[in-house]
């Protein structure tokens with residue numbers, strides 16, 4: 001195979017890889033920076049054994065047996081912010097190693113009200129059956145990063161631009177059964193549906209630096225892609241055991257999600273002269289990756305009627321998310337000077353190497369009367385480990401070990417209404433990825449003799465505030 005043809009195949013493969021770099025994840029240890037639900041997050045997500053309203057859809061469907069006939073609507077905003085100070089390891093032609101720090105780039109989230117909308121109907125001779133349906137959106141850490149910092153191209157451009165235009169929601173139906181007062185069983189089926197959109201930049205500056213510097217802007221190529229429509233089936237089931245009025249023990253299991261979807265992507269080729277007249281033919285591809293199953297345990301104590309305290313453990317099997325696969329469908333590069341007339345883009349398998357996460361949660365609520373109204377006071381704290389090994393951390397999926405503290409409350413109005421509100425703060429530990437350990441390369445389609453250069457080295461910091469309001473009507 002000639003050197004020219006090798007360059008062409010490498011260019012095609014890495015154009016496909018640029019799309020893979022743009023893929024996002026969903027769940028607590030990945031793109032989801034927080035667990036979900038206004039009332040459950042008032043207890044810091046300790047809502048497995050204590051689930052007894054429509055918030056149980058996500059945490060433990062067995063709890064729907066206590067939801068009665070009801071309606072629930074809530075909305076939350078995850079105010080996410082992050083900072084990245086990149087450190088790049090450069091080996092010069094004389095094998096001199098240099099470390100270059102880029103200006104700090106900051107990402108912020110738009111105001112997006114993540115919703116929960118659900119209803120349930122309780123029936124049977126002893127009201128032992130409950131059916132429910134609903135939809136809810138993930139609490140995703142959606143951040144947008146600027147195109148320039150201090151008048152220069154942003155150091156974030158090789159990882160992520162924005163998620164603008166993304167819309168994902170989980171819809172489903174559930175059934176719960178309470179054969180005796182001591183036992184509740186629930187099961188649900190649903191699907192993650194919607195679209196996922198993002199953009200990313202890759203460089204086509206020759207790696208051996210004979211033509212230009214590795215990050216020379218006129219050799220940058222921008223990729224915008226839209227994955228969808230996504231229809232990824234899933235389901236969950238749960239059991240709650242109530243041996244006494246003062247104790248509840250529960251477990252639930254969420255099935256994995258396999259995203260296998262059509263993708264449309266567009267590439268704006270670099271402005272360098274070598275690309276004059278070049279174009280990308282075709283825009284279709286197929287993307288496949290796995291999102292993890294989740295196992296939950298919870299024990300709730302009710303020492304007095306007004307007080308409920310739960311200790312919960314959540315394990316997310318993120319190790320199933322080991323790669324993302326992309327299969328282009330008739331996509332090719334045409335007209336690059338010095339390369340074959342048409343170079344098809346081959347299939348790509350991009351490693352992710354995620355790891356399982358563990359979350360430990362303590363939360364509860366206390367009910368009391370004030371000025372003639374029944375009120376609930378909620379609070380909780382949780383600790384969660386990250387799914388992303390340090391060497392693979394990037395702005396694409398910012399996640400690290402974090403502590404969540406939360407407070408919340410409920411106001412009962414009349415016999416039917418309950419109004420809820422929650423505030424939580426997520427303290428994420430800052431992470432330094434040494435440039436010598438970083439594993440994510442700058443996507444560069446032109447082969448050369450320069451050593452590997454990772455673009456994800458540097459210091460990462462992130463935090464988030466969760467604000468939510470909701471209402472329940474119980475018939």
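Observations on the model:
- Available extension along the chain between residue 467 and residue 99 is 128.5 nm, counting 0.36 nm per residue and deducting the alpha carbon span.
- The fewest-to-most ranking of 47, 317, 84 by surrounding Cβ atoms within 10 Å reads 317, 84, 47.
- Residues 315, 321 arranged by fewest to most Cβ contacts within 10 Å: 315, 321
- The label point for residue 419 and the one for residue 276, both projected 7 Å from the Cα toward the Cβ, are 6.7 nm apart.
- On the basis of the beta-carbon distance and an R0 of 41 Å, residue 286 and residue 313 show a calculated FRET efficiency of 0.65.
- Full-stretch length increase - residue 369, residue 148 - with 0.36 nm per residue and alpha-carbon distance subtracted: 74.1 nm
- Relative contact order of segment 365-404, defined on C-alpha pairs under 8 angstrom at six or more residues apart (%): 34
- Sites residue 183 and residue 106 - FRET efficiency at Förster radius 56 Å, r taken between beta-carbons, to 0.05: 0.65
- Note on residue 306 and residue 430: with the Förster distance fixed at 45 Å, the Cβ-Cβ geometry gives a FRET efficiency of about 0.65.
- With the convex hull of its Cα atoms as the shape, segment 100-182 has an orientation-averaged projected area of 9.3 nm².
- Using 0.36 nm per residue and subtracting the Cα-Cα separation, the extra length available between residue 475 and residue 403 on full extension is 22.2 nm.
Read-outs: derived from the displayed coordinates by stated rules, not from any lab. Please read these numbers as outputs of a predicted model, since none were measured by experiment. Cβ: placed from backbone, ideal geometry, glycine included. Neighbour counts: every protein chain shown.
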